[in-house]
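**Student:** The structure follows.
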Amino acid sequence: MARERTPNRRQYLTALGVGGAVTLAGCMGGNGGGNGDNGNGDGNGNGGDSGNGNGESETIVIGSDIPYEPFEYRNEAGELLGFDVEIAEAVFGEQLGLEYEFQQTGFDGIIASLNNANFRVIMSAMTINETRAERVDFSDPYFTAYQTVLVLESDDITERSDLQGMTVGVQRGTTGEAAAEDLQSDFDGDLEIQSYDQITGAFDALLNNQVSAVINDNTVSAEFAAETDGVVFLEGDGVAADREDAPDYLTLTIEEYGIAFRQADDEFREEVNGALAAIREDGTYDEIYDEYFGA
Amino acid sequence: MATQTDSESGTGGVMMRDRFVKRLGEIAAAGFLVAVGGLLVWILSTQVNYTLLASPLIAGRFAEAFLLVLRIVVISSLLSVSFGVLVGLGRISTSAVTGRIAKGYVEFFRGTPLLFQLFVIFFGIPRLWETGQFPIQNWAVPAAIIGLTLNHAAYVGEAIRGGISAVPDGQMEAARSLGMSRVMALREVVLPQAWRNALAAIGNDQIILVKDTSLLTVIAVPEIMSVFRNINSNQLDPWTPLVWVCVLYLAITMSMSQLVNGLERRSNWGSDSGMLGRLSRGSSGPDGGDG
């Protein structure tokens, strides 16, 4: 018996090995196929047929931390929507005639991921700042944002100084986190910061009484405040008080969003800058802006 | 079975000779060591920024995170082992109700990801209150301890159950025939042996618990991975904080496996420091050491 079994076991192991190799190959092939399908889906969904016409050009993969409503988010049906998404369609699809697709990624590792060539550009409501500019190159700014403070209406926080000694929620790796750290040093360290993976986690924490305030970009916070009862902006004159387009609540910083490129990608960056200028000129930009942020 | 002469004369061909296989293993292991060691030396000498590594700011933040993780690990470890013993006893209960409930508990907490359980506890539970009315501030750490405890109690429970069923039935039968009740037999005879059987599995699970604390980064517990992610996104330098992360986790897990090894040695039958060893020496003469 034992002698008869031995070859069986060996055959079994061999079969297992072959099967494993086939499966692995299948997975890798499947991945490739899957990506291709995604590309087609995005192209069709966003009317990128002109991109298909170009045929030979590679698909531009855009790294983005989704969800970050209203810049990039999915509706109940799973469709990708948002300001960045439409700007991408206008710039990459219509102006440059390229195929493109969004790839979801975490925000705190997004720059390393770009430099590791996981995607070609970052479009993720990303603020242009010096630390980041050391590692990536930014396009011309395409959006102005302000760091603002959300609080619960029922709490007794009415001005900036009331935040001293409180806990604030932010998203990890964002300029909101940086603004919170600045505030912390203003208060001589008397401010606790909780960093969440996604901004929705910080919003949840506000509703769940885990943080007293959330520091984040104004437009995204405004979307959340509009959707949620009892959540309001902290009032006060901020750094943007003397700007005419500034929001009428406390602003901690003024920031501008850019599309991030690898530093060796200058040629493509210039093309995109040209496309950004073109959509500002022909009114596409204003159309998209009004759709998301118009009164 | 292959005998000494079989392998020496090489009836299985050159591939089957003991010495050949041994050499092959040594070459593979040495090659692995050289490759990994070389990579490590290269990373440590080119990628790590030692000024940043030693800067008190970073060291202080990692130390704080380390102490927090240590606190969470110690508490959840003690709770999950105690609770896990109850779960294990429930699993072997002769009562159908207790047995089924314990089985259901294990199935649920072993069958869903810890991350899901953490989300339920941290994001879900507070939403049972009105907006902003949840009474516990700083819920993240308690939520983490509850999640780790409930999850790992299921694994410890299964380890205990396995340990108990590995004790030969004769032990229980002998104890019962001496007039012990089932509970007494369990406590005095079966459980001490089951504990020894289960110890390796429990120790293994507790080491996994340590590593599971890295998941707490997503519920905003300022633990070790959180500090790494914060420093990496500020400094855009992954390797320097990664060195800290590696050293700190190994510091906990390696001392934990030392502890488990020590406990296993203590409960080993027959060895000098084990229970039987001490017993037999105790009876054989008064001059036996006290282990």
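**Student:** What single numbered condition from (1) under 13 Å from the mean Cα position of the chain (by Cα); (2) without any contact (Cβ under 8 Å) to a residue 60 or more places away in the chain fails to hold for residue A:164?
**Tutor:** It is condition (1) that residue A:164 fails.
**Student:** If I ask for residues that are part of a loop (DSSP other than H, G, I, E, B), among the charged types (D, E, K, R) and surrounded by fewer than 23 Cβ atoms within 10 Å (Cβ to Cβ), which ones from segment A:61-94 would you list?
**Tutor:** A:69, A:76, A:79
**Student:** Look at residue A:276 and say whether it is touching a Lys or Arg at 6+ places or on another chain (Cβ under 7 Å), away from chain B (no Cβ under 14 Å) and either under 30 Å from residue A:134 (Cα atoms) or buried (at least 20 other Cβ atoms within 10 Å of the Cβ) (or both).
**Tutor:** It is false that residue A:276 is touching a Lys or Arg at 6+ places or on another chain (Cβ under 7 Å), away from chain B (no Cβ under 14 Å) and either under 30 Å from residue A:134 (Cα atoms) or buried (at least 20 other Cβ atoms within 10 Å of the Cβ) (or both).
**Student:** Another question about this same structure. Anything in segment A:271-295 that is more than 20 Å from the chain's Cα centre (by Cα) and of a type in the set (S, T, N, Q)? List them, or say none.
**Tutor:** A:284
**Student:** Tell me, please, whether a residue that is more than 14 Å from every other protein chain (Cβ to nearest Cβ), surrounded by fewer than 23 Cβ atoms within 10 Å (Cβ to Cβ) and at pLDDT below 85 can be found in segment A:247-259.
**Tutor:** Yes: segment A:247-259 contains one or more residues that are more than 14 Å from every other protein chain (Cβ to nearest Cβ), surrounded by fewer than 23 Cβ atoms within 10 Å (Cβ to Cβ) and at pLDDT below 85.
**Student:** Name the one entry in B:66, B:62, B:108, B:83 that is surrounded by fewer than 15 Cβ atoms within 10 Å (Cβ to Cβ) and not acidic (Asp, Glu).
**Tutor:** Numbers: B:66 fails: surrounded by fewer than 15 Cβ atoms within 10 Å (Cβ to Cβ); B:62 fails: surrounded by fewer than 15 Cβ atoms within 10 Å (Cβ to Cβ); B:83 fails: surrounded by fewer than 15 Cβ atoms within 10 Å (Cβ to Cβ).
On inspection, the qualifying residue turns out to be B:108.
Matching residues to (1) touching a Lys or Arg at 6+ places or on another chain (Cβ under 6 Å); (2) modelled with pLDDT of 95 or more; (3) among the aliphatic types (A, V, I, L, M):
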residue: B:247; (1), (2), (3): no, yes, yes
residue: B:253; (1), (2), (3): no, yes, no
residue: B:257; (1), (2), (3): no, no, no
residue: B:262; (1), (2), (3): no, no, no
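**Student:** Moving to a separate point now. Of all residues being more than 19 Å from residue A:275 (Cβ to Cβ) and assigned to a loop (DSSP other than H, G, I, E, B) in segment A:112-127, which is nearest to the other protein chains (Cβ to nearest Cβ)? Just the residue, please.
**Tutor:** A:116
**Student:** Criterion first (within 13 Å of chain B (Cβ to nearest Cβ), modelled with pLDDT under 90 and out of contact with any Pro (no Cβ under 9 Å at 6 or more places or on another chain)) does residue A:173 satisfy it?
**Tutor:** The answer is yes for residue A:173.
**Student:** Which residues, counting only those in segment A:65-104, are on the phi < 0 side of the Ramachandran plot and of a type in the set (Gly, Ala, Ser)?
**Tutor:** Passing the criteria: A:77, A:88, A:90, A:93.
**Student:** Restricting attention to segment A:220-242, does a residue exist that is away from chain B (no Cβ under 13 Å) and of a type in the set (Val, Ile, Thr)?
**Tutor:** Scanning segment A:220-242, I find at least one residue that is away from chain B (no Cβ under 13 Å) and of a type in the set (Val, Ile, Thr), so the answer is yes.
**Student:** Continuing with the same structure: Given the condition away from chain A (no Cβ under 14 Å), at positive phi, outside any helix (DSSP H, G or I) and of a type in the set (Gly, Ala, Ser), answer yes or no: does some residue in segment B:173-181 qualify? Working first, answer last.
**Tutor:** In the first step, residues of segment B:173-181 are kept if they are away from chain A (no Cβ under 14 Å); the result is B:173-181.
Narrowing the set further to residues that are at positive phi leaves B:179.
Within this subset, residues satisfying the condition of being outside any helix (DSSP H, G or I) are B:179.
Adding the requirement that they be of a type in the set (Gly, Ala, Ser) leaves B:179.
Yes; the residues of segment B:173-181 include at least one that is away from chain A (no Cβ under 14 Å), at positive phi, outside any helix (DSSP H, G or I) and of a type in the set (Gly, Ala, Ser).
**Student:** With (1) surrounded by 14 or more Cβ atoms within 10 Å (Cβ to Cβ); (2) at pLDDT 90 or above; (3) among the β-branched types (Val, Ile, Thr) as the list, and residue B:231 as the residue in question, which single condition is left unmet?
**Tutor:** Going through the list (1) surrounded by 14 or more Cβ atoms within 10 Å (Cβ to Cβ); (2) at pLDDT 90 or above; (3) among the β-branched types (Val, Ile, Thr), residue B:231 breaks only (2).
**Student:** Scan segment A:260-273 residue by residue and report those that are of a type in the set (A, V, I, L, M, F, W, C) and surrounded by fewer than 17 Cβ atoms within 10 Å (Cβ to Cβ).
**Tutor:** A:264, the sole residue that qualifies.
**Student:** Taking segment A:128-161 only, how many residues are touching a residue at least 60 places away in the same chain (Cβ under 8 Å), not in a helix (DSSP H, G or I) and not hydrophobic (A, V, I, L, M, F, W, C)?
**Tutor:** Count: 15.
**Student:** I need the full set of residues from segment B:84-134 which are in a helix (DSSP H, G or I) and acidic (Asp, Glu), in order please. Walk me through it before giving the result.
**Tutor:** Kept after step one, since they are in a helix (DSSP H, G or I), are these residues of segment B:84-134: B:84-91, B:96-111, B:114-128.
Residue satisfying the conditions is B:107 alone.
**Student:** May I pose another question? Exactly one of these conditions fails for residue A:211: (1) within 14 Å of another protein chain (Cβ to nearest Cβ); (2) within 24 Å of residue A:128 (Cβ to Cβ); (3) crowded, with 16+ Cβ neighbours inside 10 Å. Give me its number.
**Tutor:** Here residue A:211 meets the rest and fails (2).
**Student:** Here is a follow-up. Got a number for residues in segment A:176-199 being facing chain B (nearest Cβ under 9 Å) and buried (at least 21 other Cβ atoms within 10 Å of the Cβ)?
**Tutor:** Of the residues in segment A:176-199, 5 are facing chain B (nearest Cβ under 9 Å) and buried (at least 21 other Cβ atoms within 10 Å of the Cβ).
Quick grid of which residues meet (1) over 23 Å from the mean Cα position of the chain (by Cα); (2) among the small types (Gly, Ala, Ser):
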residue	(1), (2)
A:209	yes, no
A:212	yes, yes
A:218	no, no
A:243	yes, no
A:246	no, yes
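The values are calculated or read from the model by the stated rules, or taken from the named source; none is laboratory data. Because the structure is predicted, anything quoted here is derived from the model rather than measured. Glycine also receives a Cβ, built like all others from the backbone with ideal geometry; neighbour counts cover every protein chain displayed.
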